[in-house]
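Engineer: One structure follows; several queries about it will come next.
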Amino acid sequence: MGYSVDVFKFLVEHQGSMRIAAKILSNKHVVRNPLFLFLQNLRIEHVVKKLEVPVAANIELTNNCNAQCIMCSHQHMKRNKGFQTYEMFQNIADQLKEMGVRKANLTGIGEGMLDKNVFKKLRYAKNVGIPETMITTNASMIYGDNVNELLETGIDAIRFSLDGVGEEYNRIRVGLDYDKIRQNILDLVNKREKGKYETKIYLNLLKKTDGLKDESGVVNTWKNIVDGFNFVYYMNWGNLEDNIVEHGYNNQAFIRRPPCPFLWNTINIMWEGQVALCCLDYNVISPIGHIKEQSIKNIWHGELMNKMRETHMRGDFSNTLICKDCTWYPNWWG
Ligand code: SF4
């Protein structure tokens, strides 16, 4: 009994152990198990008690994009398009540093590498002392001088959104070409080796079904080249039901919907300064504040955000517009 309690305690408290556990604990046969629910409740209590600041900030440099991926919410986005100013980015980075946020991930409903200030912004975030900087990109702009410039910023991680190889990639990522993207990623990997940069390189993959199968062949093709893979279950972006029907993907099958960990672990700041409830809120229908009106800290601990957390904890998702019909219940073990 003592041994089991120690194992539970280790699982619940240590983020490092979560990578392997998350794979197992995402399986639909596991999430339907009462033991899973018991462990998950312990995990929720532990995380909620501990997290006073978000672990990560998603910062949208732009909502412009150069692709039309079939599963992306970009095509449904009605927000004005633009680029975050350098001054606003500096302000955000300063506040995140002061709050003790560990990760700044340059990502949003757009392609961040289209921002001409992207390298300057990454350098600023690094210089100000944010421990981990990263960008999520479709790799289309990773060529020529951009490769060295990106590595020279001291960026800690680059996540390339891939989702398929060859013709399957071309079918999903409309407007981009797999052969070019593949070459761009390989060039960056080579330059990283030659220059002995410590930047980690990951591939993002959308999972269409439960389980650990490499549906797209990406893992098999890339496993000896990149540092790892980031699996994301396909979801409906909060309210795009057709996406699931059209592309035939589905989410995990929990027997009871848990509160969403995003409300405790990640803050999402859009290019114009709006703070969205989560990264799926492509039209910001559930805004929780604006950084031109309040500090990031006050938004994060504000009445609105706390109310949303409280309703999620009660299992009530009805008054959180973007969450109401969301089919993506992110895993507390990730
Ligand atoms: S439940 Fe869905 S929409 Fe709501 S915060 Fe979580 S991922 Fe976002």
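Listed here are the residues, each with its yes/no results for (1) in contact (Cβ under 8 Å) with a residue 12 or more places away in the chain; (2) assigned to a helix (DSSP H, G or I); (3) touching a helix residue (DSSP H, G or I) at 6+ places or on another chain (Cβ under 7 Å).
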| site | (1), (2), (3) |
| --- | --- |
| Asn41 | no, yes, no |
| Ala67 | yes, no, no |
| His74 | yes, yes, no |
| Lys78 | yes, no, no |
| Met88 | yes, yes, no |
| Lys97 | yes, yes, yes |
| Val101 | yes, no, no |
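Engineer: Something else: Could you run through the stretch 109-147 and say how many residues are under 11 Å from Asn58 (Cα atoms) and either at pLDDT 95 or above or part of a helix (DSSP H, G or I) (or both)?
Structural biologist: 4
Engineer: While we're looking at this one, here's another question. Going by what's in this entry, would Asn58 be described as in contact with a Ser or Thr (Cβ under 6 Å, 6 or more places away or on another chain) and not hydroxyl-bearing (Ser, Thr, Tyr)?
Structural biologist: Values: in contact with a Ser or Thr (Cβ under 6 Å, 6 or more places away or on another chain): yes; not hydroxyl-bearing (Ser, Thr, Tyr): yes.
Yes: the conditions hold for Asn58.
Engineer: Continuing with this model, one more query. Quick one: in the stretch 309-321, of everything that is of a type outside the set (A, V, I, L, M, F, W, C) and assigned to a helix (DSSP H, G or I), which residue is farthest from the ligand (Cβ to nearest atom)? Spell out how you get there, then give the answer.
Structural biologist: Restricting attention to the stretch 309-321, the residues satisfying the condition of being of a type outside the set (A, V, I, L, M, F, W, C) are 309-312, 314-316, 318-320.
Next, only the ones that are assigned to a helix (DSSP H, G or I) stay: 309-312.
Numbers: Arg309: 10, Glu310: 14, Thr311: 11, His312: 8 Å.
Step by step, filter the stretch 309-321, then rank; the result is Glu310.
Engineer: If you go through the stretch 129-155, how many residues are within 17 Å of the chain's Cα centre (by Cα), surrounded by 19 or more Cβ atoms within 10 Å (Cβ to Cβ) and closer than 25 Å to Val55 by Cβ?
Structural biologist: Within the stretch 129-155, residues that are within 17 Å of the chain's Cα centre (by Cα), surrounded by 19 or more Cβ atoms within 10 Å (Cβ to Cβ) and closer than 25 Å to Val55 by Cβ number 7.
Engineer: I need the full set of residues from the stretch 270-295 which are more than 15 Å from Leu61 (Cα to Cα) and within 14 Å of the ligand (Cβ to nearest atom), in order please.
Structural biologist: Listed by number, the residues that qualify are Leu277, Cys278, Leu280, Asp281, Asn283, Val284, Ile285, Ser286, Pro287, Ile288.
Engineer: Ok, one more. Within the bounds of the stretch 322-333, is there any residue that is more than 12 Å from Arg257 (Cβ to Cβ), near the ligand (Cβ under 10 Å from one of its atoms) and at pLDDT 80 or above?
Structural biologist: Within the stretch 322-333, one or more residues are more than 12 Å from Arg257 (Cβ to Cβ), near the ligand (Cβ under 10 Å from one of its atoms) and at pLDDT 80 or above.
Engineer: Which residue out of Asn230, Asn306 is modelled with pLDDT under 95, assigned to a helix (DSSP H, G or I) and either within 9 Å of the ligand (Cβ to nearest atom) or out of contact with any helix residue (DSSP H, G or I) (no Cβ under 8 Å at 6 or more places or on another chain) (or both)?
Structural biologist: None of the other options fit; the residue is Asn306.
Engineer: Let me ask something else about it. Cβ-Cβ under 8 Å, sequence separation 6+ or interchain: first residue in the stretch 319-332 and aromatic (Phe, Trp, Tyr), partner modelled with pLDDT of 85 or more and near the ligand (Cβ under 6 Å from one of its atoms). Which pairs?
Structural biologist: Close Cβ pairs (under 8 Å, with a partner that is modelled with pLDDT of 85 or more and near the ligand (Cβ under 6 Å from one of its atoms)) amount to Trp328/Leu280; Tyr329/Cys260.
Engineer: State whether one or more residues within the stretch 46-66 are at pLDDT below 85, surrounded by 15 or more Cβ atoms within 10 Å (Cβ to Cβ) and among the basic types (Lys, Arg).
Structural biologist: No; the residues of the stretch 46-66 include none that is at pLDDT below 85, surrounded by 15 or more Cβ atoms within 10 Å (Cβ to Cβ) and among the basic types (Lys, Arg).
Engineer: When you scan the stretch 202-211, do you find a residue that is over 27 Å from Leu321 (Cα atoms), of a type in the set (D, E, K, R) and either outside any helix (DSSP H, G or I) or modelled with pLDDT of 90 or more (or both), even just one?
Structural biologist: For the stretch 202-211, residues over 27 Å from Leu321 (Cα atoms), of a type in the set (D, E, K, R) and either outside any helix (DSSP H, G or I) or modelled with pLDDT of 90 or more (or both): absent.
The values are calculated or read from the model by the stated rules, or taken from the named source; none is laboratory data. All values derive from a computational prediction rather than experimental measurement. Cβ atoms come from the backbone with ideal geometry, glycine included; neighbour counts cover every protein chain shown.
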